[in-house]
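The structure under discussion is supplied below as structure tokens; questions concerning it will follow.
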Amino acid sequence: MTLSPRPLIAINGELIADPSNPVLRLPARYAEAVLNAGGIPLAITPVGGPADVARLLERVDGLLLGGGDDFDTARLGLGPTHPKAKPVPPSKQEFDFALARAALTSGVPVLGICYGMQLLALAEGGRLLQHLPDDRPEAREHGGGARHAVIVEPGSKLGRALGVESLEVTSRHHQAVAQVGAGWSVSAVDDQGLIEAVESERAPFAIGVQWHPEVAPEGGVEHRLFRALVAASGVAAQRRRGSEPRLQSRPPSITVEEVR
């Protein structure tokens, strides 16, 4: 029997803005996590405009928004950029916002990690804490691979995907989501109330987590997020293309129905 293709998951990378030779950088662990979850990873470079983004999303089944540096909030109309922020190149910021908004509008399943979670929140009216601990003096250290507990909202899509009420995670950030916009909900916090995960109430599958599940051991709880993304992407592709259900050699163990 010939197997149909696995869901194709686009992954945005970091842009190293060398004036003479800009380079895409993408940690291999994102691609490995998608592949092990049953998908096919596809690295994408932040070039082109909204029309190019729309064409891209017509050809992929899901989207993974990975980690990166910081946001230039001045360019976003969200106030002066913090002096300790390290903004991504302007072209990448513009591309990433076009990518996130187009995915949310079109219903392409999307998982945001760290910068990617913040991107999803900001794309639809969220607010940002630009630097911890300056913007939240009581906050613990979240940078440099800090380990801490996360409390998951019962009944959330995130909770159904993970299957746990709490977990220990690895953080590498100094910016954080201060509040979400309309149509979004907070699905996890740390024990100090800092937002650790968000999810869309409108999109079929749009979840963002502040921590880095790709660095967790393969087969652990956190990798269920990638399996949920791949499962949702397969279902979305079937509906969009009017195709028969896909056969996969390593089917995800979590279905999209379980995270709805």
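The values are calculated or read from the model by the stated rules, or taken from the named source; none is laboratory data. No experiment lies behind these values; they were computed from the predicted model shown. With ideal geometry, Cβ positions are generated from the backbone for all residues, glycine too; neighbour counts draw on all protein chains shown.
If I go through the range 177-193 residue by residue, how many of them are of a type in the set (A, V, I, L, M), surrounded by fewer than 22 Cβ atoms within 10 Å (Cβ to Cβ) and in contact with an Asp or Glu (Cβ under 6 Å, 6 or more places away or on another chain)?
Looking only at the range 177-193, we keep the residues that are of a type in the set (A, V, I, L, M), and these are 177-178, 180, 182, 186, 188-189.
When the remaining residues are screened for being surrounded by fewer than 22 Cβ atoms within 10 Å (Cβ to Cβ), the result is 178, 182, 186, 189.
Those still in the list that are in contact with an Asp or Glu (Cβ under 6 Å, 6 or more places away or on another chain) too: 189.
Total meeting the criteria: 1.
Follow-up. Inside the range 1-52, counting only strands (runs of 3 or more DSSP E) that do not spill past its ends, which hold 1 or more residues that are on the phi > 0 side of the Ramachandran plot?
none
Which residues, counting only those in the range 204-230, are closer than 24 Å to Gly181 by Cα, in contact with a strand residue (DSSP E or B) (Cβ under 8 Å, 6 or more places away or on another chain) and outside any helix (DSSP H, G or I)?
Passing the criteria: Phe205, Ala206, Ile207, Gly208, Val209, Gln210, Trp211, His212.
Let me ask something else about it. Here is a check on your reading of the model: is Pro90 without any contact (Cβ under 8 Å) to a residue 12 or more places away in the chain and within 25 Å of Asp18 (Cβ to Cβ)?
Judged against the criteria, Pro90 is not a match.
Another question, if that's okay. Starting from residues that are surrounded by fewer than 19 Cβ atoms within 10 Å (Cβ to Cβ) and among the acidic types (Asp, Glu), keep the ones in the range 14-59 and report whichever is nearest to the chain's Cα centre (by Cα).
Filtering first and then ranking leaves Glu32.
Let me ask you something else. May I ask you to say which residue of Ala236, Ala216, Ala232 is modelled with pLDDT of 95 or more and at negative phi? Walk me through it before giving the result.
Working: Ala236 fails: modelled with pLDDT of 95 or more; Ala216 fails: modelled with pLDDT of 95 or more.
After ruling out the rest, the residue left standing is Ala232.
Let me ask another. List, please: which pairs have Cβ atoms under 8 Å, are six or more places apart or on different chains, and start with a residue in the range 194-216 that is touching a residue at least 12 places away in the same chain (Cβ under 8 Å) and surrounded by fewer than 24 Cβ atoms within 10 Å (Cβ to Cβ) and end with one that is of a type outside the set (A, V, I, L, M) and assigned to a strand (DSSP E or B)?
Ile195/Gln179; Ser200/Trp184; Glu201/Trp184; Glu201/Ser185; His212/Thr170; His212/Ser171; Val215/Thr170; Ala216/Thr170
Among Val53, Val88, which is the only one that is farther than 24 Å from His173 by Cα and of a type in the set (Val, Ile, Thr)?
Checking each option against the conditions leaves just Val53.
State yes or no: is Gln93 buried (at least 20 other Cβ atoms within 10 Å of the Cβ) and within 11 Å of the chain's Cα centre (by Cα)? Give the steps one after another, and end with the answer.
Values: buried (at least 20 other Cβ atoms within 10 Å of the Cβ): yes; within 11 Å of the chain's Cα centre (by Cα): no.
When the stated conditions are applied, Gln93 does not pass them.
Shifting gears a bit: Between Gly125, Gly143, which is at positive phi, surrounded by fewer than 22 Cβ atoms within 10 Å (Cβ to Cβ) and either of a type outside the set (Lys, Arg) or at pLDDT below 90 (or both)? Show your work before the answer.
Working: Gly143 fails: at positive phi.
Sole residue among the options that is at positive phi, surrounded by fewer than 22 Cβ atoms within 10 Å (Cβ to Cβ) and either of a type outside the set (Lys, Arg) or at pLDDT below 90 (or both): Gly125.
What is the one condition in (1) assigned to a strand (DSSP E or B); (2) more than 18 Å from Leu24 (Cα to Cα) that Leu63 does not satisfy?
(2)
Here are some conditions: (1) surrounded by 24 or more Cβ atoms within 10 Å (Cβ to Cβ); (2) modelled with pLDDT under 95. His174 meets all but one. Which one does it not meet?
Among (1) surrounded by 24 or more Cβ atoms within 10 Å (Cβ to Cβ); (2) modelled with pLDDT under 95, His174 violates only (1).
Specify the residue that is nearest to Leu229 (Cα to Cα); the eligible residues are those in the range 83-102 that are touching a Gly at 6+ places or on another chain (Cβ under 9 Å) and of a type in the set (A, V, I, L, M, F, W, C).
Here the residue is Ala100.
Considering only residues that are among the charged types (D, E, K, R) and outside any strand (DSSP E or B), look in the range 172-199 and name the one that is farthest from Ala146 (Cα to Cα).
Going through the qualifying residues, I end up with Asp191.
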